[in-house]
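Asker: This is the structure I have questions about; it appears just below.
The values are calculated or read from the model by the stated rules, or taken from the named source; none is laboratory data. These numbers were taken from a predicted model, which means no experiment stands behind them. Because the Cβ atoms are built from the backbone with ideal geometry, glycine has one as well, and the counts that use them run over all protein chains shown.
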Amino acid sequence: MTTYAAHWTTIVAAVMALAPLLWFGFSSERLQHWSSGAGMIPIQLGLPALLCLPYAVVTAPLGWFRWGWFLLYALLPVVVAGLLMIVSKLDPGQHGHWLEFIVLLGLGLAVDLRWFEAAWPHTLAAFSKILLLDAELYGFLAIRRLTGVGFDLRLRRDDWKIGLREWVFYAPIAIALGLALGFLHWHRHVERAWMAPLMWLFTFFLIAVPEEIFFRGWMQNLLERRLGPTASLTVTSVLFGLAHFNKRTTFFNWRYVLLAAIAGIFYGRAWRAQRRVGASAITHATVDTLWGVLLR
């Protein structure tokens, strides 16, 4: 297949991979009408297997297709859905069951340690993160029907107000501490500043939203039911910091861990204000964009 055709198939696959994210983000209230009868169980469990299709559409034209990876992307979402279906029976009151924390641990490690990125060409490794997020969204929202997540891409005025407020609170701390630790450095010349809005949109959808769903919508939300609001915010922020231990380095980057953990406090505060992922994602995307344009 020509390079031109391969580019088009990659675009098609990207649309397929992002479709669940956008559907849940704009139409999640329709899940209230999702049938949960016994006859629907095979369909509910089998449906997420379709997440293997973007993998095939991307890799087959490029000569990267492997049956092992194809089966993994077909079966893993089914396993996630099956485990969360069990959890929904064991914990109907949604108090936070150990089994769903195991699911989160496995998915979190898969993303953070890049277990599945070898399945993709290097420049397309983001597909792995998005497909795992799709599996999470389906499992926790369609099967588990976890409440209090706050994933809604129809941003409100309060989302911007809260998100930017928490960014204003965090930015001076991050800049002062980051510069003092030698982790951040001012750019003497800001190149292509006009691209900052595009950088913000890219960061919002592909970095901030996935990470905020995981750490605030799932993790902090569930821990809060077990530990209370203050402890859950603290624990989630520490976990968020530790998730950055290997970023921009091949060893334990304690400076990044520290700054990310502190950032997690403000992201968690933004989410907790009205339990809205959109608010914390705005804080997250604005922080990352500022660092990318002016610092690092």
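Asker: Could you please find all residues in segment 273-296 being part of a helix (DSSP H, G or I) and either surrounded by 24 or more Cβ atoms within 10 Å (Cβ to Cβ) or in contact with a Ser or Thr (Cβ under 7 Å, 6 or more places away or on another chain) (or both)?
Answerer: VAL277, GLY278, ALA279, SER280, ALA281, ILE282, THR283, HIS284, ALA285, ASP288, THR289
Asker: Please work out if ALA74 is modelled with pLDDT of 95 or more and in contact with a Pro (Cβ under 7 Å, 6 or more places away or on another chain).
Answerer: Spelling it out, it is not the case that ALA74 is modelled with pLDDT of 95 or more and in contact with a Pro (Cβ under 7 Å, 6 or more places away or on another chain).
Asker: Oh, and also: Provide a single number: the residues in segment 95-114 that are surrounded by 15 or more Cβ atoms within 10 Å (Cβ to Cβ) and not in a helix (DSSP H, G or I).
Answerer: Adding up the residues that qualify gives 2.
Asker: Out of the residues in segment 1-33 that are modelled with pLDDT of 60 or more and either aromatic (Phe, Trp, Tyr) or not in a helix (DSSP H, G or I) (or both), which is surrounded by the most Cβ atoms within 10 Å (Cβ to Cβ)?
Answerer: Filtering first and then ranking leaves PHE24.
Asker: Same structure, new question: Does ARG275 meet the test of being on the phi > 0 side of the Ramachandran plot and either more than 13 Å from the chain's Cα centre (by Cα) or small (Gly, Ala, Ser) (or both)?
Answerer: Judged against the criteria, ARG275 is a match.
Asker: Report whether or not ALA119 is among the aliphatic types (A, V, I, L, M) and crowded, with 19+ Cβ neighbours inside 10 Å.
Answerer: Here the answer is yes, as ALA119 does meet what is asked.
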